[in-house]
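The next block holds one structure in the form of structure tokens; read it before the comments.
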Amino acid sequence: MLDIQKIRENADAVRQGIQNKNVSIDFDVILAVDQERRNVIAEVEVLKHERNVVSKEVATRKRNNEDIGDLIEKTREIGQRIKVLDEQQRNAESKLNDLLLQIPNTPHASTPVGEDASENPVVKEWGKRFAPGYTLKTHLELGEALTLFDFPRATKIAGPGFPLYTGSGARLERALINFMLDFHIDKHGYTEVLPSVLANTKAMTTTGQLPKFEDDMYKLPQDDLYLIPTAEVPVTNIHQGEIIPEQDLPIRYCAYSSCFRREAGSYGKDTRGFLRLHQFNKVELVKFTQPDSSYTELEKLRRDAEEILEALGLEYRVIELVTGDLSFASSKCYDLELWAPGEARWLEVSSCSNFEDFQARRGGIRFKPQGGGKVQFLHTLNGSGVATPRLLVALLETYQQEDGSVLLPEILTPYMGSAGLHLK
RNA sequence: GGAGACGUGGCCGAGUGGCUUAAGGCGGCGGCUUGCUAAGCCGUUGUACGUUUUGGCGUACCGUAGGUUCGAAUCCUACCGUCUCCGCCA
């Protein structure tokens, strides 16, 4: 959520930012509602002051057994007027709030201006192209032959787009999750949390999924709960409504969770195998930072995710999203993409974003400056560290042998145990 | 799922319609004092919104939202949460 005061005082800059995101917002309506709200407040507060003064007078006279009839008459009218105005104020405030919740975050000055994904610049490339002499198989061909997963049977359980890992495939999935968690905990100093995969309306609103993207999520109407599309939702909401001492920042959490996405509107796109799923596993990194350091922390966060890919020896590149491709809540975002040799294409496995105070304002997450001073909204950031399905695709396709077996990188040895690294 | 108790500031806790501007304590912060240990004394203390001549002024906030009243932390209604007991259960 944007600060209404900022919209009021820097209207042009905010309009430009939103326009660069290719979003159309009627700021005149918003400013008009804000003006109405302030007019009502100005009027009602004068009346309330008057009421307070008279009420005090009533109390004094009563103690002295004096007559109070005239005062009662007078304030009864004031009270009625206050009632009407209170109602108007509530209406204006809820209207303004509804409007503000629909406005996306503004891009950071360093985010390149651009129309859409086709303009996203590549800012980094790492690793060597896997190109042996033999013909490369896709992860589907490899996985079916090695019985690592079973999509036809998975369909019987929940429909297409849901995974069923089997045998070494299930173990490998679990290995990757544990490897990534351990890596971030031990090497990068994150604190592990294991949240619920259901979240309520308030939590979903904090992170920006609601009210605009309700159709993207699975909903449980009976209990007014949603299945989380990412652990970002529960983890960011851990500190919802809190004021955190500045010396406790930055707070860094990592969390594994299953993620659920309806992917409405993306049918027919990337439907094969693991490229796009309704349910998948992800290790997520979430940071709560002091505003001045959030962009430094974003670079570190991105680096933390990159190191996972490097440890697994996978070729990747980093792209920076242009304003037109930036998500609703973010000010700046990097995507990490893995090269999948069998598919012969880049696959997005991580998104690292700075939301600045956008989510913090929606969720009331603030910090108290160390030397005293005004309580402020902190900055929230998150990044995948990373999502498993496409990681698995790149891993299988990069480490495939000529005979169709897969020899996994040694760093996974402790996690694969007796199953061994050689899947054949 | 059933029954009951409860919800007050960073924390504990008093407060059943108006001398509450929420007592008192703890903690925090600032200062003073002292050569008696883990001391004493004094002062101070939250958030948001509106307005502003940037000194302030005003309004609201006692779980949340409404209501009653001239006036609500206090009375009424609904909801949310916590705890205890019963039931069910991995």
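The values are calculated or read from the model by the stated rules, or taken from the named source; none is laboratory data. A quick note: this is a predicted structure, and the numbers were derived from the prediction, not measured. With ideal geometry, Cβ positions are generated from the backbone for all residues, glycine too; neighbour counts draw on all protein chains shown. Surface accessibility is based on the protein's heavy atoms, side chains included, excluding ligands, DNA and RNA. Shrake-Rupley method; radii C 1.70, N 1.55, O 1.52, S 1.80 Å.
If A:E337 meets every condition in (1) open to solvent by less than 20 Å² (accessible area, probe 1.4 Å); (2) among the charged types (D, E, K, R); (3) modelled with pLDDT of 95 or more apart from one, which number is that one?
(1)
Please count how many residues of the stretch A:70-97 are over 23 Å from A:R38 (Cα atoms) and either more than 10 Å from RNA strand B (Cβ to nearest atom) or not assigned by TED's automatic domain parsing to the domain that holds A:R8 (or both).
Residues of the stretch A:70-97 over 23 Å from A:R38 (Cα atoms): A:70-76.
Applying the additional criterion that residues be either more than 10 Å from RNA strand B (Cβ to nearest atom) or not assigned by TED's automatic domain parsing to the domain that holds A:R8 (or both) yields A:70.
Count: 1.
Can you name the residue in the stretch A:263-289 that is at negative phi and surrounded by fewer than 17 Cβ atoms within 10 Å (Cβ to Cβ) and, of all such residues, is farthest from the chain's Cα centre (by Cα)? First the steps, then the outcome.
Step one: list which residues in the stretch A:263-289 are at negative phi, which gives A:264, A:266-267, A:269, A:271-272, A:274-289.
If we keep only those that are surrounded by fewer than 17 Cβ atoms within 10 Å (Cβ to Cβ) too, we end up with A:264, A:266-267, A:269, A:271-272.
Values: A:A264: 19, A:S266: 20, A:Y267: 23, A:K269: 23, A:T271: 24, A:R272: 26 Å.
Here the residue is A:R272.
Given (1) out of contact with any Lys or Arg (no Cβ under 7 Å at 6 or more places or on another chain); (2) part of a helix (DSSP H, G or I); (3) in contact (Cβ under 8 Å) with a residue 60 or more places away in the chain; (4) not small (G, A, S), where does A:L96 come up short, assuming only one miss?
Among (1) out of contact with any Lys or Arg (no Cβ under 7 Å at 6 or more places or on another chain); (2) part of a helix (DSSP H, G or I); (3) in contact (Cβ under 8 Å) with a residue 60 or more places away in the chain; (4) not small (G, A, S), A:L96 violates only (1).
Could you please give the count of residues in the stretch A:180-204 that are surrounded by fewer than 19 Cβ atoms within 10 Å (Cβ to Cβ) and not in a loop (DSSP other than H, G, I, E, B)?
Matching residues across the stretch A:180-204 total 11.
Scanning the stretch A:361-398 for residues that are within 16 Å of RNA strand B (Cβ to nearest atom) and in a strand (DSSP E or B), which turns out nearest to the chain's Cα centre (by Cα)?
Applying the first criterion (within 16 Å of RNA strand B (Cβ to nearest atom)) to the stretch A:361-398 yields A:361-379.
Filter once more, so that each one left must be in a strand (DSSP E or B): A:366-368, A:376-377, A:379.
Working: A:R366: 17, A:F367: 20, A:K368: 24, A:Q376: 20, A:F377: 17, A:H379: 12 Å.
Here the answer is A:H379.
Could you grab the pairs with beta carbons closer than 8 Å, sequence gap of 6+ or different chains, first residue in the stretch A:289-307 and within 22 Å of A:V349 (Cα to Cα), second one assigned to a helix (DSSP H, G or I) and not polar (S, T, N, Q)?
A:D304/A:H184; A:E307/A:F183
Which numbered condition in (1) more than 7 Å from RNA strand B (Cβ to nearest atom); (2) closer than 30 Å to A:T205 by Cα; (3) out of contact with any Phe, Trp or Tyr (no Cβ under 9 Å at 6 or more places or on another chain); (4) open to solvent by less than 70 Å² (accessible area, probe 1.4 Å) is the only one that A:I4 fails?
(1)
Where the second residue is among the charged types (D, E, K, R) and in a helix (DSSP H, G or I) and the first is within 16 Å of A:I251 (Cβ to Cβ) and lies in the stretch A:182-202, which pairs have Cβ atoms under 7 Å and are six or more apart or on separate chains?
Final answer for the pair search is A:H184/A:D304; A:H188/A:D304.
Please tell me if A:R317 is over 18 Å from A:D116 (Cα atoms), open to solvent by 40 Å² or more (accessible area, probe 1.4 Å), within 16 Å of RNA strand B (Cβ to nearest atom) and in contact with an Asp or Glu (Cβ under 9 Å, 6 or more places away or on another chain).
It is false that A:R317 is over 18 Å from A:D116 (Cα atoms), open to solvent by 40 Å² or more (accessible area, probe 1.4 Å), within 16 Å of RNA strand B (Cβ to nearest atom) and in contact with an Asp or Glu (Cβ under 9 Å, 6 or more places away or on another chain).
Got a number for residues in the stretch A:41-69 being within 8 Å of RNA strand B (Cβ to nearest atom) and closer than 21 Å to A:E93 by Cβ?
Total meeting the criteria: 8.
So which residues in the stretch A:10-40 are surrounded by fewer than 16 Cβ atoms within 10 Å (Cβ to Cβ) and within 11 Å of RNA strand B (Cβ to nearest atom)?
The answer is A:Q35, A:R38, A:N39.
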